[in-house]
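The values are calculated or read from the model by the stated rules, or taken from the named source; none is laboratory data. This structure is a prediction, so every number in the text was calculated from the model and none was measured. Quick reminder, even Gly has a Cβ in these numbers, built from the backbone with ideal geometry, and neighbours come from all protein chains shown. To get the accessible areas, we keep the full protein, side chains included, count just its heavy atoms, and leave off ligands, DNA and RNA. Shrake-Rupley method; radii C 1.70, N 1.55, O 1.52, S 1.80 Å.
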Amino acid sequence: KDFQDQMVIDAGQKHFGATVCKACGMVYSAANPEDEAQHVQYHQRFLEGLKYVGWKNERVVAEFWDGKIILVRQDDPKYATKKMEDVRELVDNELGFKQVALACPTHTQTYLFISVNKIVGCLIAEPVRQAFRVLSEAAESPTKNSLEHHRAWCCSTKPEKVVCGVSRIWVFSLMRRKGIARRLVDVVRRTFLFGSCLSTDEIAFSDPTPDGKLFAVKYCQT
Ligand code: ACO
Ligand code: ZN
């Protein structure tokens, strides 16, 4: 028994520290075969979920040299809405959202960035009437510790009129910083409302993560 315990401790010390998969984001211990097997399984399911073979009636809203953006609506054929839900689940999982309901599912529009038969970006937009501006640096006084600073942004109490809420925005981790999120938001502004182009003041990012906030601040400035 002692011997067994010792083995476990040794293994733990040799490979102490967790591995984070750069593709699927799973944190696991490479020293633990069970953990590793679980990762392989999760990793495959993750990539399977992002696979996109093309649909007969796909709604292409933008094309680029390195991909295209398609729009999926709630009343689209089942194969399209099923894929959209799978991707949303994967994104929510990565964002740590647990069953965050959409404000208005029937009017939700999902934009998918496709590159080489893979979904590498996703933006879920919903109609929203008002939003509260994040008061960026006010809450981040140097006396606060980093944990606190990380946790809560401080919001204005004055509602502002907006048209479109970005409920989720996500880009596949290996494809970040290639302007995919920027192009998704550009397309939302052009296509969310028929016949008009929304200004950056008319869209709001709901409950942003630190990455999301950095992106949104940069996007809205330029
Ligand atoms: N750190 C600093 N600046 C950033 C970052 C970052 N992590 N991400 C984007 N920016 C800024 C940069 O200025 C960038 O331009 P540059 O690369 O020329 O410097 C500019 O924003 C445009 O960035 P994109 O390349 O268009 O952004 P990307 O495609 O990498 O996607 C996103 C950004 C969606 C936030 C991505 O990092 C991601 O998926 N993160 C994990 C999921 C997440 O946190 N999503 C936001 C949730 S909040 C919400 O859904 C409302
Ligand atoms: Zn992985």
For an R0 of 35 angstrom, estimate the FRET efficiency from the Cβ-Cβ distance between LEU102 and GLU58 and round to the nearest 0.05.
0.95
Extend 7 Å from the Cα of GLU89 along its Cα-to-C-beta direction; within the stretch 32-58, residues with backbone N under 12 Å of that point are 45-46, 49-50
Cα-derived Rg to Rh of the stretch 63-104, Kirkwood definition:
1.05
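May I ask you to give the percent of accessible area on the stretch 156-222 that is carbon plus sulfur, with a probe radius of 1.4 Å? Present the calculation step by step, with values, prior to reporting the outcome.
Numbers: 2130 of 3780 Å².
The nonpolar share, carbon plus sulfur, comes to 56 percent.
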Spin-label point model (7 Å from Cα, Cβ direction): what's the LYS213 to CYS154 distance in nm?
1.2 nm
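Ignoring ligands, DNA and RNA, what accessible area per residue does the stretch 42-109 give at 1.4 Å, in Å²?
Working: 4400 Å² over 68 residues.
Ligands and nucleic acids excluded, the figure is 65 Å² per residue.
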